[in-house]
Structure formats: C-alpha cells, structure tokens
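Novice: Following this message is one structure expressed as structure tokens.
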Amino acid sequence: MCGILAVLGCSDSQAKRVRVLELSRRLKHRGPDWSGLYQHGDCYLAHQRLAIIDPASGDQPLFNEDKSVAVTVNGEIYNHEELRKKLVNHKFRTGSDCDVIAHLYEEYGEDFVDMLDGIFSFVLLDTRDNSYIVARDAIGVTSLYIGWGLDGSVWIASELKGLNDDCEHFESFPPGHLYSSKSGGFRRWYNPPWFSEVTPSVPYDPLVLRRAFENAVIKRLMTDVPFGVLLSGGLDSSLVASITARYLAGTKAAKQWGSQLHSFCVGLEGSPDLKAAREVADYLGTVHHEFHFTVQDGIDAIEDVIYHIETYDVTTIRASTPMFLMSRKIKSLGVKMVMSGEGSDEIFGGYLYFHKAPNKDEFHQETCRKIKALHLYDCLRANKATSAWGLEARVPFLDKEFINVAMAIDPESKMINKDEGRIEKWVLRRAFDDENHPYLPKHILYRQKEQFSDGVGYSWIDGLKAHAAAHVTDKMMLNASNIFPHNTPTTKEAYYYRMIFERFFPQNSARLTVPGGASVACSTAKAVEWDATWKNNLDPSGRAALGVHLSAYDAETPFDNKPSKIVESIPLMMEIPGVAIHG
C-alpha cells in the first residue's frame, strides 16, 4: 500500500511546500520505495510509493499525455490491462496499473470510477480548470481521510497522522464515494443491489459461488514482486491459500518468482492457529513460515500499534498487534504483498453470534451492516497493520463481483441450523467440499470460527486485560465518563487504549473517527438484542458468544472480572530458510 497526501486550495508559498513534504514523510512507512511531489498553483499532490506493479517506471504522481491531469493513487487496479484496450487513442507513460486513471477521466469524466476493478484511494487534479476529484474503493479496503483547513483548503491523506495537526476538522472518507470540487460534496458511486438491505432470493448454487471466489483470488495474483499468503489455519485464509496454490503455476507471477507458494502464520506458542496452519501448509505443500510472539512482546508493541492503526477500538487493537508483529517479519524476508482472508465473516455471517439470528431477514440485514462498517474495523486493521512495514494486503473476499454473487444468495441458506448440520459459513464450506479434487482436509474445512485475536492464543487477550488492570485503577474508571464523554470506555482495557490514542491524536475529530456502541463477539449494537444474556457479557472476543463457542467464557462472571494472568513464555528459536527468528 502506498501513502498519499493532497493539499488543495491552500496558500502558495515555499513554506507550504516544505510543510507538505514534512507531512508526507509521516506516511513513508506505507511507501518506502520512492517519494513524489507535484505542485500546480495552490494544489499539492504527494506520494510515498510501495512498488508492486512496474517497480522500475511507475513512480507517482501519474499524468496524462500533456500532463494537464495529475493523479496520486494508493491502490491496485486488477483490470488495468482490459481498460487499456478501451483507451486505444491514449499513450501511457508507465506500465503501472494505476496509469489508466488519468486517461479514463479524460474519456469519461467523473463517471469512470465504477469501471475500476480493484482497491484504491486517489486524488485527481485537472489543471485546465483547477478542479479535482477524490475517490475511495467500494468497501474501503484502502484507508483514506479528508480534512478542511481554516484557509479554505481541503486535505486528503491515507492516514490521520498526515493531516490531523493542520486541519480544523477531519473525518474518515466514506467508502464507495467520490468528492468533487465542482459539486462541493460527496456522492456515492458504488450502488450494488445488496446496499438496500432488501432480503434477496437467488437460490444457493455452490459451483457459482466457488467459481466467483476462485476468480477473485486469481485476479489478485497480479504482481511484479515476491508475495505470499497469510495462513491462520481457519477456513477463510486456508481457502485463499488453497486456491492460490492451485492456480499459481500458470500465472506471470510464477514465471518471475516460481510456483512454490510461501505461507505465514503468527501466534503464541501452542496456539490453535499455529497448529491448524501448519497442517494446512503441509497439505498444500507451501513453504511455511511460523512466527511466535509472547504476551509481553505484544504488550510492548501496543503503543506502536495504536499509532499506526489509529484507533482505540478494543477488538481492532487485539487483532492488529499480532498482525503488526508478523508483518515486520514477513517484510524482512523480502516479501512485499500478501493475500489475506478478511471479509468472509461479514458476507456469510461467520461470527459466532450469528447462531442466534432470529430469522433470515435480520441475518441478511446484519451482514449488510457489517460489510458497510468494514472500513472501520477489519479493513482498517489489515491495511494499516501491514502498511506499517511497507507490506500490502489483498483481500479477495471483498472483490466487488464476488460480493454481488454472495450477497444475492437467499440468506435462508446462510442461516446456522444444527439439526441439518449447518454451521456458520456453511454455504462457503459446502462450495469447496470437493470429494474428487479436495481443496482442504475435511476437519479444516469445517473448523469452528476463531477470531484472529483469539486464534493466536487465548492467553493473549487474558494477558492484555491483566496488563490494563495493572495500569488503570478503579478510581480512574469512576471518572471515565467525565474524561472521555464520547465513546466512554467501559472496561480497563478500553480505558488503557484510549489514553494512548488521545496522546497521539488529541483532536476531537480524531476520536470521532472511531466507532463505538455495544458489541458481543464483534456484533453490531443491533444484533446484541438477539440474546438477552449478551447484554451482561459485552466483549468483542468470540468466546463471548455464550453457548456457541466451544471455549466460551462462563455466563456468571462479568467480563471485566474474568481471571487473567500473563503466562510466562520461554523464548523459542525457529529455523526458517535464510533467517533465525526468536519468539
């Protein structure tokens, strides 16, 4: 993932250029390969590049033929070769997949965004009339923020830290939207059928679903640099790895880097994910890299994680920390892109609380709400935890075409039904249950859902709670609503994270970018109403799904009083080709 920063309509001075360069450097972790800055009058476009496609010539900002249109982009356009064929009268300066954007704008004006198949955030400046447009991908896989200065300027940045100190107000740029200087406001360019939340009725066809997901994975194998897959051993990442391994041999990437797939997993020693991932890796024949961390390693990284992830949401921080640590190890091996499994639980109702969905209408509405909020949670985590180390994460479950297929299925088929042997995400499991050419071992294909923050080792969350309890007193909690009136923390763990966040991002606009509300096992506040017992056990861990998770917390003890201790862990050395890694 690259880092972009744009300052539009500001004072034109050398001091402003110096400030833009200074702020752009705050995003250099996202793009360590090259830096670019373009100025036209009172507009600045800055870019920090992570080179994945055409590393030699794809530096940004990018331009049309006469340089009257300039673009700074963070993203990957998977159908760029197909789009180039439609632009027969245009000459391209680079082989970058993002080079098509300026030319599409010349051909189609502001209405071209829906033609892009990929993930992206971009700012396009038309110097002929000094107008500009800003757009973000459909689901918000790439991170993006917009801010406004007192001098009338508009600011755009990939991360909060690129604009929070210079804007009077700023907010998360809404996914699937376009901002136009000509209209002076937002409009939604992404308008899929499922967005209305009306219950669909298309019969479930496992082969249609299978092919749609295979296509989503295959198109993301577009790369000119070494890559691998994140493999937790759960259903989602295992399917991504299986399909990648199955189709890699015939790709351009295989010709450049070989057809031997590399997989990566992180966890506490003895964690559920490590064991399951190792088994899947052996089954698929990947070169498997297993990274261990201790609870103390994770706690020591919390401040860095909050600075990079830019949230105080409890479940996001819990899950981001292992991913943050793993991403650093992966980058050290020379890998610049990874495939990941985010988005499946939102689309198929994979979180364990979906067991309590009262009917198919509420089940479907909850999946819609979850997808619409992904940019605040899992997309934010996957994007920023990897980008912190100059690593790109690609998420095939959030492919536009695949989402359309999956969200058109009659949700009756997605409902959990124990009497019929249907567990969570049954429609996805069934689609890849192939007796003749199996994708995965049966017990992996039907493994119960583990949230990433649980699967890396249950003592991880217990250790975080114990650490927070040692730093946040009961007296501090009594005043929590006065200190933090917005999204008041209700647990010591949440209070601890909030203190760190406010130190890095003290502005009111910053705290408003983080979602709040009651949640159990990652549910929305609305779904908490599905089970009366959940109201007394609000915690984002999957183990909060009482009566569902095989290792659920007991129902009697309030969550903030669960006994927790930091488990002593002996450092472990693992031999991995070319590198020794210490836990």
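Novice: To two decimal places, what compactness ratio does region 348-445 give when its Cα radius of gyration is scaled by 2.2 N^0.38 Å?
Specialist: Dividing the Cα Rg of region 348-445 by 2.2 N^0.38 Å gives 1.23.
Novice: Another one. Taking the Cα centre of region 3-191 as origin, work out the dipole magnitude from +1 charges on Lys and Arg Cβ and -1 charges on Asp and Glu Cβ, in debye rounded to 20.
Specialist: With only Lys, Arg, Asp and Glu charged at Cβ, the dipole is about 320 debye.
Novice: Go through 264-271, 420-427, 72-79 and give me the packing order, highest mean Cβ count within 10 Å leading.
Specialist: The densest-packed peptide leads the list: 72-79, 264-271, 420-427.
Novice: By how many nm would the segment from ALA254 to ARG128 grow when fully extended, if each residue of separation counts as 0.36 nm and the alpha-carbon distance is taken off?
Specialist: Length gained, ALA254 through ARG128: 41.1 nm.
Novice: Tell me, what is the Rg over Rh of region 116-169, with Rh the Kirkwood radius over Cα pairs?
Specialist: 1.01
Novice: Considering only DSSP states other than H, G, I, E and B, which trypsin sites (Lys or Arg not before Pro) in region 101-170 qualify as loop sites with at most 12 other Cβ atoms within 10 Å?
Specialist: ARG128
Novice: OK, next. If you count, for each residue, the other Cβ atoms within 10 Å and average over each peptide, how do 279-286, 226-233 line up from highest to lowest?
Specialist: 226-233, 279-286
Novice: For region 195-544, report the accessible area per residue in Å² (1.4 Å probe, heavy atoms, rounded to an integer).
Specialist: I get 35 Å² per residue for region 195-544.
Novice: Same structure, new question: Using the Kyte-Doolittle scale, which helices in the chain average at least -0.5 and also have C-alpha atoms spread 15 Å or more along the helix axis, with helices defined as whole DSSP H runs?
Specialist: The answer, listed by residue number, is 206-219, 235-247, 272-284, 295-309, 314-332, 458-471.
Novice: Next question, about the same structure. Could you check the simple spin-label distance between GLU65 and LYS535, using points 7 Å along Cα→Cβ, in nm with one decimal?
Specialist: 6.7
Novice: What accessible area per residue comes out for region 1-102, rounded to a whole number of Å², with a 1.4 Å probe?
Specialist: Using a 1.4 Å probe on heavy atoms only, each residue of region 1-102 averages 38 Å².
Novice: Modelling each spin label as a point 7 Å along the Cα-to-Cβ direction, I'd like the ALA408/SER481 distance in nm, to one decimal.
Specialist: 4.9
Novice: Would you mind putting 9-20, 46-57, 501-512 in packing order, based on average other-beta-carbon counts within 10 Å, highest first?
Specialist: For the peptides 9-20, 46-57, 501-512, the packing ranking is 46-57, 501-512, 9-20.
Novice: Sticking with this structure for a sec: To the nearest 20 debye, what charge dipole does the chain have about its Cα centre, counting +1 at the Cβ of each Lys and Arg and -1 at the Cβ of each Asp and Glu?
Specialist: Charge dipole, the chain, about its Cα centre: 460 debye, nearest 20.
Novice: With all protein chains present, how much of the accessible area of the chain (probe radius 1.4 Å) comes from carbon and sulfur, to the nearest whole percent?
Specialist: 51
Novice: What are the ³J(HN,Hα) couplings of region 156-171, residue after residue, when phi is run through the Karplus curve with 6.51, -1.76, 1.60 and θ = phi - 60°? Round to Hz, x for glycine and proline.
Specialist: Calculated HN-Hα couplings, in order: 10, 8, 5, 9, 3, 5, x, 9, 4, 7, 10, 10, 6, 8, 8, 7 Hz.
Novice: Separate question: Over region 195-544, consider all pairs of different Cα atoms and compute the Kirkwood hydrodynamic radius from their mean reciprocal separation; express it in Å, one decimal.
Specialist: 20.8
The values are calculated or read from the model by the stated rules, or taken from the named source; none is laboratory data. In this text, all values refer to a predicted model and were calculated from it rather than measured experimentally. Neighbour counts run over all protein chains shown; Cβ positions are idealised from the backbone, glycine included. These area figures cover heavy atoms from the full protein model, side chains too; ligands, DNA and RNA do not enter into them. Shrake-Rupley method; radii C 1.70, N 1.55, O 1.52, S 1.80 Å.
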